[in-house]
Every structure is written in C-alpha cells, then in structure tokens.
Amino acid sequence: MARRSQKFEMSTKTEMDQKQRLRQVTEKVIGLPSLPTVVTQLINLVGDPATSARDISQLISADQALTAKILKVANSAFYGFPRKIATVQLAIVVLGFETVKNLGLSVAVLKRFQAGKAHPLFDRQQFWEHAIGCGVAARMLAHKRSKKLEPEAFVAGILHDIGKLILIEYFPDEFGEALELAHEELLTISEAEMKVIGVTHAEIGGWLAEKWNLPETLVQAITHHHDPMAMEDPNEILMITHAANALTRHNHVGQAGDSLGASLSPEASAMFKAGRDISDEDLLAELSEGLEVELEKARVFNDLEAELFESRGSDDDDEGEPVGA
Ligand SMILES: [Fe+2]
C-alpha cells in the first residue's frame, strides 16, 4: 500500500508536465475524426426551420446501415409505438425530428467508440450500461419537467462521459493510473484525473462535443455534468444530466470508473424537490421509481452496442472528414 502511494506521488506531474500533457490531449482531440457526414448533415437539417420530414427521410434513407439501426430502435419498447414503423418517413412523423436526430447521433457515437484499450478497472460493457442508463434516467427526469426536453436529455445522458473513451483510447496509461488512484484512495474519477492528467474526462468530452459542432446545451451538459453550478446560468439539460448521473450511481446502473455513490448538487436537488421538505435520499428514491422498467425498455440500445462491438472494423460506413482537415 505504502509502495503504491509512493508510486502515485512520484508519478504526479509537475506543473510544466501537466501543461504539456494538456496540450497533447487537446491536439489529439482536435485530430479526432468528425461524426459521420450523414449525422452532421442530419443535425444541420433538423436545426433548419425550413426542413421537411421528406428532406430528413431522404438523407437517412441513403444510408442503409443507419436506416436499419434507426428503424430497429424506433420499433423498440423504448418508444412504445403500437404499430410497426417500416419506413424512416413514418419514424420521423411518429417520433419527431429531434428524436430521430438524437437517435442518429447516439447510434453514431456507439459505433465510433467501439475500439480502444482495456483496463481491469474499466469495463467497456459496464461503461455503456452506465451511459445508456444515464440517458434513460435523463429522459425520465426531462419528462417531469417538459416532454420537449426528452430527446436532448437522452442523448446528453448517453454522451456525458464520452471523455473517458477518449482517455482510454489515447491515454490508456495515464487513465489507468487515474482509475487505480481513484480506487485506492477513494477519490472520484474526476479528482484522480486532475491529479494524474491535469484535465478531467468531462472537459475532454466537452472539447469533443465542440469539435463535433453539437448544440451548446450539449457541450455544457457534458463539460459540467459534475459541477453544473460552475455555469452562471446552467441550462435545464445540464441540470437533468447531472441529476441523471446521480440517479444511475444511486441505483448502481453500470460502472462509472470509481466506486463512490451519488452526488447531487443542492441546486439540482432543490429543482426536483420543488419546495417540498424531503431528504436527498428520499428524493433519489422517488426519482428512481419506474427506472427499472425504463431500463428494460431501453435494452435495444445495449443490444445495439453489443452488435456494433461484434462487427467493429468490418463496417465501411462513411466516417466523415478528419476535424480540422
Ligand atoms: Fe462523469
């Protein structure tokens, strides 16, 4: 034990080293490939008020792999539509532009990050359980606030820890060291990342979201999911993502990289208590109601992830242009 602590002390980077490391991380993130072109176009089309359902269905239908995945998910219990959705056009009419866009984005991200190294303290399957679980919890919490927020809350939950996948892929040794430090000294993974790398997965995920030109609400939700009050005026998606993360931790859905429990900021807690005098523990229990059922309905995403993992490297989908190229 003493030997390990000494090892971490010796490996703690000096300030100069940390700055160099930060720059290196930034450069790597900037060099990451962008989203598949079809998903970027999809995001742009949905953002344009002049876009019709026909424009979107034409774009998606041209990509057979994406079409198949969207229809599979659209027909799942997660969306609960009573009849079969056989075409993208119908999916758009039934589910709405925003949901289809965020489905495309979720599928692209699940596919993008199938590679990467392994670490005994980082189980990829557990990671996705946590990420998808957080998406499901975020959709549930959004439902309590405004149904309109559901699609974006879902995708924010799925993406919130994406920085960890960048770290395990590009900085496996440092991230491994951070995981071990968190484990041994009972730190949060973010605290351990700051000590070892000098930057957290949340910030790195936010950089990626910026590079991908995702909406500012998503960039904020990813960057500040651990510290929403770092924003002067945190948007609702950010508050929901933060609370959903606490809810998945509280219910032990998947594994997030450290063994610590839920941590809900006083502001997020107040937002969901809505003036009621109840404890955080009771609030988390109340918000957890129905989560099991929703997680079961969302199985289709875990199946999709497993399917993509098995077929990794064998797909020749359009991977988009490298960022900055
Ligand atoms: Fe996180």
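The numbers here are math on the coordinates, done by the rules we state, and not lab data. Small disclaimer: the values here were computed from a predicted structure and weren't measured. So basically every Cβ, Gly included, is an ideal-geometry build from the backbone, and we count neighbours across all protein chains shown.
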Spatially proximal aspartates and glutamates relative to Lys273 (Cα-Cα < 17 Å; intrachain offsets below 8 disregarded): Glu236, Glu281, Asp282, Glu286, Glu289
Total charge dipole magnitude, the range 60-180, about the Cα centre, Cβ charges on Lys, Arg, Asp, Glu only, Debye to nearest 20: 860 debye
Rounded tilt (10° steps) of 124-145 against the dominant C-alpha axis of the chain: 60 degrees
Pairwise centroid distance, computed over Cα atoms, of the range 149-221 with the range 272-303, Å: 23 Å
C-alpha center-to-center spacing [the range 47-93, the range 100-128] in angstrom: 22 Å
Helix 64-74 vs. the chain, principal-axis angle (Cα, 0 to 90°, nearest 10): 90 degrees
Helix 15-30 axis, angle to the chain major axis (alpha carbon atoms, nearest 10°): 20 degrees
Cross-link partners of Lys72 among lysines (Cα-Cα below 22 Å; sequence separation of 8 or more within a chain): Lys84, Lys101, Lys111, Lys297
From phi via Karplus (6.51, -1.76, 1.60), per-residue ³J(HN,Hα) for the range 191-198 in Hz, x at Gly/Pro: 4, 5, 5, 4, 5, 8, 9, x
Shape metrics for the range 166-257, restricted to C-alpha atoms - Rg then Dmax, Å: 13.6, 37
From phi via Karplus (6.51, -1.76, 1.60), per-residue ³J(HN,Hα) for the range 48-62 in Hz, x at Gly/Pro: 9, x, 7, 6, 9, 4, 5, 4, 5, 5, 5, 4, 5, 4, 6
Net charge contributed by nearby residues that have their C-beta within less than 13 Å of Phe127 (K/R +1, D/E -1): -3
Percent of alpha-carbon pairs separated by more than 17 Å within the range 89-132: 47 percent
Over the range 28-112, equivalent-ellipsoid semi-axes from the Cα gyration tensor in Å: 22, 15, 11
Dipole of the chain [Lys/Arg +1, Asp/Glu -1 at C-beta], most positive-end residue of Ser57, Val73, Leu110: Ser57
Relative contact order [Cα under 8 Å, 6+ residues apart], the chain, whole percent: 24 percent
Over the range 99-159, relative contact order from alpha-carbon pairs under 8 Å, at least 6 apart, %: 42 percent
Calculated log₁₀ intensity ratio I(q)/I(0) where the Debye formula runs over C-alpha points of the chain, q = 0.09, 0.11, 0.15 Å⁻¹: -0.46, -0.70, -1.29
Calculated from backbone phi, Karplus (6.51, -1.76, 1.60) coupling profile of the range 297-307 in Hz, x at Gly/Pro: 5, 8, 3, 3, 6, 5, 5, 4, 4, 5, 5
